[in-house]
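Asks: Before anything else, here's the structure in question.
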Amino acid sequence: MQMPKQKGILTVVSGFSGSGKGTVMNRLLSAHPEYGLSISVTTRAPRQGEEDGREYFFRTKEYFEQMIENDKLLEYAQYVDNYYGTPREYVQRQLDEGRDVILEIEMQGARQVKRRFPEAVLVFITPPSIEELENRLRGRGTETEEVIRGRLAQAAKEAEAMEDYDYILPNEDGGADKCAEDLHRIICSEHFKAVRNKERIENFKGETYILKGETK
Ligand code: 5GP
């Protein structure tokens, strides 16, 4: 009996701006390069050190709106005055080929993904405390006070949405490697869920005649 190949699992990772989720994602991908990481499109300006096509595809508002119109995005959202969205094609192709894909997106997008893909796994990464979150955000030194305030207000809103997620994953200080491994374990376990193994179950059921000593 040939075992069917499972489709890839779509995992959504969210967390407050400053939760350290970016570091967790980097650690996860260097330890497990087999994951496909979707690169989003955004209308925000690149931060120092960011490169087009690596952190994001940096595009104009007009370009982004054209993508919405042409249904090129799996999900999108406006976040602190900018658009962010996931290009549909890459994600769909990877999943069809059986590769697990991770989207690092905010909560409005996460909700859209869950509606379209009910079997997607939603993971919310939390910092050790709210005070620590504010310190990290200010310590980054890359944003203006106005942007920082916007992000803190957004974090308060996002806290309301935590219950919509399947997993709450703490990223304690210095624990980005552990957090990345925990995330990897979550995704590994998801592969064993019965709902993801329907074809396998059917194959077994279809061959139980052997156990009964019957012929097909
Ligand atoms: P940042 O500007 O700090 O890179 O990202 C701001 C927020 O946008 C983060 O919470 C990040 O997860 C989210 N984000 C990044 N890409 C996407 C995307 O494609 N879709 C959505 N909905 N959110 C995104």
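Asks: Under 6 Å by Cβ, and 6 or more places apart or on different chains, what pairs join a residue from the range 36-61 that is touching a residue at least 60 places away in the same chain (Cβ under 8 Å) with one that is of a type in the set (Ser, Thr, Tyr) and near the ligand (Cβ under 10 Å from one of its atoms)?
Replies: Correct list of pairs: 38/86; 40/56; 40/84; 40/86; 47/142.
Asks: If a residue must be within 19 Å of the chain's Cα centre (by Cα) and within 11 Å of the ligand (Cβ to nearest atom), how many such residues does the range 60-81 contain?
Replies: So the count comes out to 7.
Asks: Looking at the range 82-90, is at least one residue free of Cβ contacts under 8 Å to residues at least 40 places away in the same chain and within 10 Å of the ligand (Cβ to nearest atom)?
Replies: No, the range 82-90 contains no residue that is free of Cβ contacts under 8 Å to residues at least 40 places away in the same chain and within 10 Å of the ligand (Cβ to nearest atom).
Asks: Of all the residues that make up the range 54-77, how many are at pLDDT 95 or above, of a type outside the set (Asp, Glu) and out of contact with any helix residue (DSSP H, G or I) (no Cβ under 7 Å at 6 or more places or on another chain)?
Replies: Of the residues in the range 54-77, 12 are at pLDDT 95 or above, of a type outside the set (Asp, Glu) and out of contact with any helix residue (DSSP H, G or I) (no Cβ under 7 Å at 6 or more places or on another chain).
Asks: If the requirement is being modelled with pLDDT under 90, buried (at least 16 other Cβ atoms within 10 Å of the Cβ) and over 17 Å from the mean Cα position of the chain (by Cα), which of these qualifies: 134, 145?
Replies: 134
Asks: Within the range 6-24, which residues are within 11 Å of the ligand (Cβ to nearest atom), in contact with a helix residue (DSSP H, G or I) (Cβ under 9 Å, 6 or more places away or on another chain) and modelled with pLDDT under 95?
Replies: 15, 16, 17, 18, 19, 21
Asks: A follow-up question, please. How many residues are part of a loop (DSSP other than H, G, I, E, B) and surrounded by 23 or more Cβ atoms within 10 Å (Cβ to Cβ) if we restrict to the range 101-126?
Replies: 1
Asks: Looking at (1) in contact with a Gly (Cβ under 9 Å, 6 or more places away or on another chain); (2) within 12 Å of the ligand (Cβ to nearest atom); (3) of a type in the set (D, E, K, R); (4) on the phi < 0 side of the Ramachandran plot, which is the only condition residue 134 fails?
Replies: (2)
Asks: Taking the condition surrounded by fewer than 16 Cβ atoms within 10 Å (Cβ to Cβ), away from the ligand (no atom under 11 Å from the Cβ), not polar (S, T, N, Q) and not assigned by TED's automatic domain parsing to the domain that holds residue 196, does residue 52 pass?
Replies: Spelling it out, residue 52 is indeed surrounded by fewer than 16 Cβ atoms within 10 Å (Cβ to Cβ), away from the ligand (no atom under 11 Å from the Cβ), not polar (S, T, N, Q) and not assigned by TED's automatic domain parsing to the domain that holds residue 196.
Asks: Show me the strands (runs of 3 or more DSSP E) entirely contained within the range 1-97 in which 2 or more residues are β-branched (Val, Ile, Thr).
Replies: Per the criteria, 10-15, 40-42.
The values are calculated or read from the model by the stated rules, or taken from the named source; none is laboratory data. None of these values were measured; they are calculated from a predicted model. Heads up, the Cβs are rebuilt from the backbone with ideal geometry, glycines too, and the neighbour counts pull from every protein chain shown.
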